[in-house]
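Contents: one structure, followed by commentary.
The values are calculated or read from the model by the stated rules, or taken from the named source; none is laboratory data. All values reported here derive from a predicted model rather than from experimental measurement. All Cβ positions, glycine included, derive from the backbone under ideal geometry; neighbour counts span all protein chains shown.
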Amino acid sequence: MRLNGHRVLDYSCRAMSRVPEINGASIVLTGSFNPAIFQPQWFVRQNILPEAEAEAAKNLVVIAQQGAQVCDFETERFRIQVTTDRFMVMSKAASNPVPIRDVVLGTFFVLEHTPATALGLNRHMHFHLDSVEEWHQLGDRLAPKDGWKGVLKGGRPGMRSLLIQSSLDSSENPEAPQLYVKVEPSTQVKQGAYFETNESYSFAKDTPLKTIMDIVRGRWEEAYNHAAEIAAYILDWARK
Amino acid sequence: MPPKSLLTSSTGQENESTTDYRPEYAKTIVRFNQPIALDALKQGMSDPDQKRLAPQAQSAALATPTVMLDPRRPKLTKGNGYTLQIRQLWEGTVTRLHSDGFEARLSDKTNPNNPDEQALFDFEYVEVSDDDQRLLRPGSVFYWTVGTERTPAGQVKNVSNVEFRYYPAWTQGAIASASTRAASLKEWLEQSERIKPAEI
Amino acid sequence: MSASNPPKSDELEISVIGPGLGECLIIHLGHNEWCVVDSCIARGRQEPVALEYLKSFGPQTLNGLKLVIATHWHDDHIQGLASIVAQAPRAEFCCSLAVKHDELTALVASAPENIQGRSGVEELANILTQLRRSNRSSPVYAVPNRKLFQSSGTVPVTLTSLSPSDPMITSAMKEILKLLPKAGEPQERIVESSPNHASVVLWLEAGDTRVLLGADLEHTNRNNEGWMGVIAQHKVTPPALVFKVPHHGSSNAHFSEVWTKLLTPDPLAVVTPFARGSVRLPRDSDLERLAKHTHNLFCTSRGAGKPPIRDAATERWIKTQVKDRRVIEGQPGHVRIRLPIQNGPVTPSIELFNGAYRVQ
């Protein structure tokens, strides 16, 4: 099976049989931002957040000093953090992650002239595995220990983190969008596996923001589902 | 060196892996080159944030040094909060309003191979928040989530949630941009020389 | 019975495919020349039904696709049409002259700005963008009595548009005007509730055989509009043997003079179902009405079937929140009519696939 296509259709149904215990997503843009404006009430005025949600925002940090440099807050559904060169919306673990797309699209529909250089469509999932054996088997299959046991004598080598990179399409273009998949033992779910995907796009200078938002609009759901498909496939494959 | 594009990633782990890919900008964020009003700084901050920043800000106010602040790197954490395990997600488009409910076309986002469905929601049973009520009209779009919520105390309950999608209103800029495109489109459409009166 | 045997070179084929939401007509005009009218995508599939069908005859078949027609922009008729246009580089694209009017041009041009997406307007915008970017011809515009295709065979085959007339377009533009974005107003997904005044009705002649394809045109009871307009402007020719019933058999698209003036007695009539909103078409009463006009009435699908079964907890929530629920996309039923392209009387063959049925 190819993982570097835009779709992994064969596993779209099986992916659904694996429901993550903890599920989240984020969209990150790098570029040039003015964090001062990204305060909860600004999102309300633009009809990007409901008023009640913005009013209940927590942990607000706004550094307002001749061109603010940080705005960071949490609502019931989102964590929004903006610095001068990075804009991020992340879902909260108790919410549906899909609407973070709307926060991004809404924000940059209004701020249509923002310069942006890179985009990341990210998903995080913690799965509970049925048995300790399955948990070990996942690590052993992704990172076989035979070689390590020869040199780490006396120890018990285990997989701590694995990062796989693949281009998102089959082109040879070095600037082609990349997909990064990270697999780790979950630190939050007992007997759990953590999957993180980062679909990453970099853009030439002066790329119209609209082009970037078209990717967010057209690609977000596929990227989100693709992440689940990858996790389901790897978990099933490791169990065989 | 990590690839440049990893700048666009984020994490969902409580403890990050041993390699920290954070670029320099994430470590050096704020430089207070001018005196700073503590009250302005504190406004809207939670207590821990205020405590963390107060000594730095005080010194900034007095001596205007460069203050380095490392913002917390957001993580998707279960922490002590609630989690939601989503079993079923639909996207709905409102097609008609009634006095006692609304009709919507539902598109299955959990299993996209499932067919679209038409559903009649009853206000008596479906909860639409006050904020969302004003969005309820034909053409508005919402998510309907069914899943299991786990409370901080470990209690598990089935939940259902309807949340409307929020969008900015049409802006003059977007409309002007559409008008420019319309003029160009029209010019191209006019190029067709095949628009002639009836030929038979 | 398989649908994958191609028509003979000298055979006319009218395939009507309707999965419960949307419809698509695939017409073999003879000598491997094809025309696709409207488009739909079957549940769980990526490609429009027309592409799947034509490719089943071999990859070269798409080279013979000469004309792709959008009868109107509603998304139950246009879904996947951009993909067909993209994969058939030799095909011309035809749509209503309405697209050149300021109102519809403005609506199409605003589609890429609308972050809601997913509407027939967006699909139409995609088609036009694609044609422009690939330096293909701008559309052929359908107006009354406009010849869109003429074969070079010994027995002529012609395809002619019968609508929309100017009054029809004027009427349609009044509805479009309401959908145009206005500064300060919320962005919404366009849900097609407007009537289909500017639909493209088609008239096909192959030798002595005539076919009337009714699109979604409605009967307005106003002179020069809707079906009255079509009849008023239609040149007198022998009546049609085959009829694609307009607007899913709904009563608001019924005009009895169509049956008496444009169709032979007992024509072959094909209706496609539609299930969306509070309306499910054709109603039983619609089928009864249509059956009074012909004994040869066919429908592409009985309906969309039962909703999928989800896990018990989810099913419980559905039952508590939703009063009524039904599937609106079924499998693509297929009525295929083939007849020889010749002068003189012909005997058509009718094949039914994938749930299509004869209305008794």
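Quick rundown of the values:
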{"item": "Test for C:L212: is it in contact with a Phe, Trp or Tyr (Cβ under 7 Å, 6 or more places away or on another chain) and either without any contact (Cβ under 8 Å) to a residue 24 or more places away in the chain or in a strand (DSSP E or B) (or both)", "result": "yes"}
{"item": "Residue in region A:102-117 that is farthest from B:W170 (Cα to Cα), counting only those that are touching a strand residue (DSSP E or B) at 6+ places or on another chain (Cβ under 8 Å) and not in a helix (DSSP H, G or I)", "result": "A:T117"}
{"item": "Unique match (being under 20 Å from B:P168 (Cα atoms) and over 20 Å from the mean Cα position of the chain (by Cα)) among A:T75, A:T84, A:T114", "result": "A:T114"}
{"item": "Of residues in region B:83-107 being surrounded by 19 or more Cβ atoms within 10 Å (Cβ to Cβ) and closer than 19 Å to C:Q331 by Cα, the one modelled with the highest pLDDT", "result": "B:L106"}
{"item": "Region A:87-101, residues that are in contact with a Ser or Thr (Cβ under 7 Å, 6 or more places away or on another chain), among the aliphatic types (A, V, I, L, M), in contact (Cβ under 8 Å) with a residue 40 or more places away in the chain and not in a helix (DSSP H, G or I)", "result": "A:M88, A:V89, A:M90, A:A93"}
{"item": "Matching residues in region C:328-360 - criterion: being without any contact (Cβ under 8 Å) to a residue 40 or more places away in the chain and in contact with a Lys or Arg (Cβ under 7 Å, 6 or more places away or on another chain)", "result": "C:S349"}
{"item": "Hits in region C:193-232 - residues which are in contact with an Asp or Glu (Cβ under 6 Å, 6 or more places away or on another chain) and either on the phi > 0 side of the Ramachandran plot or crowded, with 24+ Cβ neighbours inside 10 Å (or both)", "result": "C:N196, C:S199, C:G226"}
{"item": "Wholly enclosed strands (runs of 3 or more DSSP E) of region C:60-145 bearing at least 2 residues more than 18 Å from B:Q191 (Cα to Cα)", "result": "C:65-70"}
{"item": "Residue pairs meeting the criteria (Cβ under 6 Å; at least 6 apart or on separate chains; first without any contact (Cβ under 8 Å) to a residue 24 or more places away in the chain and more than 20 Å from C:S15 (Cα to Cα), in region C:293-307; second in a strand (DSSP E or B) and of a type in the set (A, V, I, L, M, F, W, C))", "result": "C:P307/C:V327"}
{"item": "Condition check for C:S152: within 26 Å of C:I341 (Cα to Cα), more than 14 Å from chain B (Cβ to nearest Cβ) and over 17 Å from the mean Cα position of the chain (by Cα)", "result": "yes"}
{"item": "When residues of region B:127-144 are limited to those that are facing chain C (nearest Cβ under 10 Å) and in a strand (DSSP E or B), the one modelled with the highest pLDDT", "result": "B:W144"}
{"item": "Scope region C:155-169; condition in a strand (DSSP E or B) and away from chain B (no Cβ under 12 Å); matching residues", "result": "C:V157"}
{"item": "Some residue of region A:143-155 being under 22 Å from the mean Cα position of the chain (by Cα) and either surrounded by fewer than 23 Cβ atoms within 10 Å (Cβ to Cβ) or under 22 Å from A:A238 (Cβ atoms) (or both)", "result": "no"}
{"item": "Qualifying residues in region C:140-176 (those that are surrounded by fewer than 22 Cβ atoms within 10 Å (Cβ to Cβ) and touching a Gly at 6+ places or on another chain (Cβ under 7 Å)) - the one modelled with the lowest pLDDT", "result": "C:G153"}
{"item": "Index of the failed condition, B:E163 passing every other in (1) outside any helix (DSSP H, G or I); (2) within 9 Å of chain C (Cβ to nearest Cβ)", "result": "(2)"}
{"item": "Of residues in region B:99-120 being within 17 Å of C:T320 (Cβ to Cβ) and among the acidic types (D, E), the one nearest to the other protein chains (Cβ to nearest Cβ)", "result": "B:E117"}
{"item": "Single residue of region A:156-202 satisfying the filter (acidic (D, E) and either more than 8 Å from chain B (Cβ to nearest Cβ) or not in a strand (DSSP E or B) (or both)) that is farthest from the chain's Cα centre (by Cα)", "result": "A:E172"}
{"item": "Which listed residue is of a type outside the set (S, T, Y), surrounded by fewer than 16 Cβ atoms within 10 Å (Cβ to Cβ) and not in a loop (DSSP other than H, G, I, E, B), from B:K157, B:K186", "result": "B:K157"}
{"item": "Region C:84-139 - residue that is at pLDDT 90 or above and among the basic types (K, R) and, of those, surrounded by the most Cβ atoms within 10 Å (Cβ to Cβ)", "result": "C:K100"}
{"item": "Any hit, region A:163-178, residues being out of contact with any Ser or Thr (no Cβ under 7 Å at 6 or more places or on another chain) and under 29 Å from B:E91 (Cα atoms)", "result": "yes"}
{"item": "Qualifying residue in region A:119-127 (condition: surrounded by 11 or more Cβ atoms within 10 Å (Cβ to Cβ) and more than 15 Å from B:S9 (Cα to Cα))", "result": "yes"}
{"item": "Subset of region A:214-240 (residues that are farther than 25 Å from A:A93 by Cα and touching a helix residue (DSSP H, G or I) at 6+ places or on another chain (Cβ under 7 Å))", "result": "A:A238, A:R239"}
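For every residue, the table says whether it meets (1) touching a Leu at 6+ places or on another chain (Cβ under 6 Å); (2) over 22 Å from C:P164 (Cα atoms).
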residue: C:R43; (1), (2): no, yes
residue: C:L51; (1), (2): no, yes
residue: C:T61; (1), (2): yes, yes
residue: C:L65; (1), (2): no, yes
residue: C:V68; (1), (2): no, no
residue: C:W73; (1), (2): yes, no
residue: C:L81; (1), (2): no, no
residue: C:H101; (1), (2): no, no
residue: C:L104; (1), (2): no, no
